[in-house]
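Structure, as structure tokens:
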Number of protein chains: 2
Amino acid sequence: MNLMIIGSVAMDTIRTPFGEVEDILGGSTVYASMSASNFCPVRIVGVVGKDFEQAHLDLLSSRGVDTCGIEIVEGETFRWAGAYDDLNVAQTLDTRLNVFAGFDPVLPESFRDSEIVLLGNIQPGLQLSVLDQIDSPKLVACDTMNFWIEGAREQLEEVIRRVDILFINEDELKMLTGIGNIYKASKKALEYGLKYVVVKRGEYGAMVVGEDLLFSMPVYPVEKVVDPTGAGDSFAGGFLGYLAEKGEFTPRDIKQAMIYGTVCASLNIEDFSIRILQGSTRDEIEARRMELIKIIAL
Amino acid sequence: MNLMIIGSVAMDTIRTPFGEVEDILGGSTVYASMSASNFCPVRIVGVVGKDFEQAHLDLLSSRGVDTCGIEIVEGETFRWAGAYDDLNVAQTLDTRLNVFAGFDPVLPESFRDSEIVLLGNIQPGLQLSVLDQIDSPKLVACDTMNFWIEGAREQLEEVIRRVDILFINEDELKMLTGIGNIYKASKKALEYGLKYVVVKRGEYGAMVVGEDLLFSMPVYPVEKVVDPTGAGDSFAGGFLGYLAEKGEFTPRDIKQAMIYGTVCASLNIEDFSIRILQGSTRDEIEARRMELIKIIAL
């Protein structure tokens, strides 16, 4: 199956204990598509400014990512600046929406037959609009954040009611449901009609909860986390990319997808931007997958 | 094999979002021995004051715990008062060492042949003194805390060099080793000569690291955590109790021990004090063990 991803394309300026980089390629769409490109044909939708380098688009294309849904408009590309003094906490120093502020995604005709869809973390109204432009997706997932839970709850709930899988940080899940216990909160979220809730827990891994599934996954043991930016997006990309490759979504497949998501996130955080992901191979992914299986196998 | 446990016996006053209790039975020795009593013969060493109720000792005995190492001296029993506004953070409101301040453990002759030993979280000098009184233990584990890492590092390091297994919270492991990455820190700790480091991560479970072992374990999904006090001690008790029952310490056994420790901790936190553990059965433990295995099985 193919996978369509919508979200942000950004130029990031990031400082971590291991270094500082300026105006590097980032954004949820980029991280997710780079990960997913290891598994399946990927299509991306987004917007960039005239300042966006063609080389970035070429890089994405070279990994089999169809970039014809990237609109290039007058103005500057979305910029985010952040710092991690503690690698578990992103501190936003500056956000400039630039061309992202006027983003109103219109899907290329050729994207309407997308089979798996990742609605990245953007305004819920835009997520709905994208969903309306797809003929009959087989699996739809969405990501979101506290900003939308607080500021656009009704629209966000409408999105969640229409998707199959919700990717969400544990704190945000608690905020969404108003429930402090993570197991109860996950079950509550299923009441929106979701098939699965994937709870992201940073350095503690991830958990997936479905009607008949509760599966917990530790992270891959990375000894030097250089930059955690995009970890969640890489996870979602690997997760959905694997499902697209597999073409089935049984609980067994979902568990495997959790492993592949975890592996992609682990590759991503070992360097800035997509420096590792852009050269990642399936062999490398399978090797880490086997290591991860050892870590959870009895 | 038998298991000897040394640590605190306390009367706790605790407030959590689910209630408040005063002067209830607590202390690391109590939690650990109650858990371990599901698996093997247990002996405990500690000190209490004249105010300590015989009924508590009877309760321990009724679970097959040999209490002849509990010294009853003039004065009051150790008291701890704490509160949890956030169930993940214990806030100490009051500590009265009382008779615990003059504790100088002398093992009953009949305890000198102990096979597995848990040196609970007490002054490292006392841990060493206890160790010297045991003939030839087959497996020794210790627990500790930030207070000793900061205040008695040399003695603590001597303890760690002499034991096989270290139970430690992740923040304390970072403090002990001076390394922020948990995987690197675990490996560094092994350099003391430990066979295994068991890293306790609260609601995120636990991880065990050995020369040829890295195994991660999520918690059992408890939907109502009433009181987390004693979770780590219950874990250690279940972990070592199972190893005593098994009589072997292969990596495979260690993984099973991680599950049993996790199950015992999960029972413990569902009510105050040892209200659940005191009535726990092996059947109940096996049922939760099977559930846990499902949560990590691919």
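The values are calculated or read from the model by the stated rules, or taken from the named source; none is laboratory data. Since this is a predicted model, take the numbers as computed values, not measurements. Note that we place each Cβ from the backbone using ideal geometry, even for glycine, and neighbour counts take in every protein chain shown. What goes into the accessible areas is simple: the full protein's heavy atoms, side chains included, and nothing from ligands, DNA or RNA. Shrake-Rupley method; radii C 1.70, N 1.55, O 1.52, S 1.80 Å.
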Which distances, in nm and shortest first, link the B:G247 label point to the same label point in every other copy, taking 7 Å along Cα→Cβ? 5.4
I'd like the mean, over residues of B:37-46, of how many other protein chain beta carbons sit within 10 Å of each residue's own Cβ. 0
Antiparallel DSSP beta bridges within chain A, percent to nearest 5: 40 percent
Using the 7 Å Cα-to-Cβ label point, sort the distances from A:K138 to its equivalents in the other copies shortest first and give them in nm to one decimal. 5.4
Stokes-Einstein at 25 °C, 0.890 mPa s, Kirkwood radius from Cα pairs: D for segment B:151-265 in µm² s⁻¹? 170 µm²/s
Listed residues A:C68, A:C264, A:C40, most fluctuating in chain A (Gaussian network, C-alpha, under 10 Å): A:C68
What accessible area per residue comes out for chain A, rounded to a whole number of Å², with a 1.4 Å probe? 38 Å²
Using a 7 Å Cα-to-Cβ projection, A:G178 label spacings across copies, nm, ascending: 5.1
In sequence order, calculated HN-Hα J values of segment B:78-94 (Karplus, 6.51, -1.76, 1.60; Hz; x Gly/Pro): 3, 10, 10, 10, x, 9, 10, 7, 9, 5, 8, 10, 7, 10, 7, 9, 6
If you take the accessible area of B alone plus A alone and subtract the pair, what total do you get in square angstrom, rounded to 100, with a 1.4 Å probe? 2600 Å²
Computed magnitude of the charge dipole of the protein assembly as shown (debye, nearest 20; Cβ of K, R +1, Cβ of D, E -1): 1100 debye
Identify, among B:Y220, B:P251, B:G237, the residue whose Cα sits farthest towards the positive end of the charge dipole of segment B:217-257, taking +1 on the Cβ of Lys and Arg and -1 on the Cβ of Asp and Glu, with the dipole about the Cα centre. B:P251
Roughly how many Å² of A:I149 are accessible to a 1.4 Å probe, to the nearest 10? 10 Å²
Report the residue of chain B with the smallest Cβ-to-axis distance, using the rotation axis that brings B onto A, in whole Å. B:Y204, 2
Everything considered on the Cα gyration tensor (a ≥ b ≥ c; rounded for a/c under 1.5, else prolate if a/b is larger than b/c, else oblate), the protein assembly as shown must be described as prolate
Explain nothing, just the number: dipole magnitude of segment B:247-295 about its Cα centre with +1 on each Lys and Arg Cβ and -1 on each Asp and Glu Cβ, in debye rounded to the nearest 20. 140 debye
Quote the charge dipole size of segment A:199-296 about the Cα centre in Debye, to the nearest 20; the model charges only the Cβ of Lys and Arg (+1) and of Asp and Glu (-1). 120 debye
Please list, or write none, the lysines whose alpha carbon is within less than 22 Å of the alpha carbon of B:K200, excluding same-chain residues fewer than 8 places away. A:K200, A:K224, A:K294, B:K174, B:K184, B:K187, B:K188, B:K224, B:K255, B:K294
Considering only the protein assembly as shown, what is the antiparallel percent among its DSSP beta bridges, to the nearest 5? 40 percent
Could you go through segment B:147-154 in sequence order and give the Karplus-derived ³J(HN,Hα) for each residue, using 6.51 cos²θ - 1.76 cosθ + 1.60 with θ = phi - 60°, rounded to whole Hz, and x for Gly and Pro? 4, 7, 5, 7, x, 8, 4, 4
Please calculate the 1.4 Å probe accessible area of A:R275, with all protein chains present, and give it to the nearest 10 Å². 120 Å²
Of all the accessible heavy-atom surface of chain B, with the other protein chains kept in place and a 1.4 Å probe, what percent is carbon and sulfur? 48 percent
Quarter of Cα convex hull surface for segment A:1-110, i.e. mean projection, nm²: 7.5 nm²
Fraction of beta bridges assigned by DSSP in segment A:30-120 that are antiparallel (%, nearest 5): 40 percent
Counted charge near A:S110, where neighbours are those whose Cβ lies closer than 15 Å (Asp, Glu -1; Lys, Arg +1): -4
Cα extents of chain B along the principal axes, largest first, in whole Å, come to 52, 41, 34
Protein-protein interface of segment A:194-233, residues with accessible area decrease of at least 30 Å², isolated chain reference, 1.4 Å probe: A:R201, A:E203, A:Y204, A:L214, A:F215, A:S216, A:P221, A:E223
Charge sum, other residues only, whose C-beta stays under 13 Å from B:L298's C-beta, Lys/Arg counted +1 and Asp/Glu -1: +4
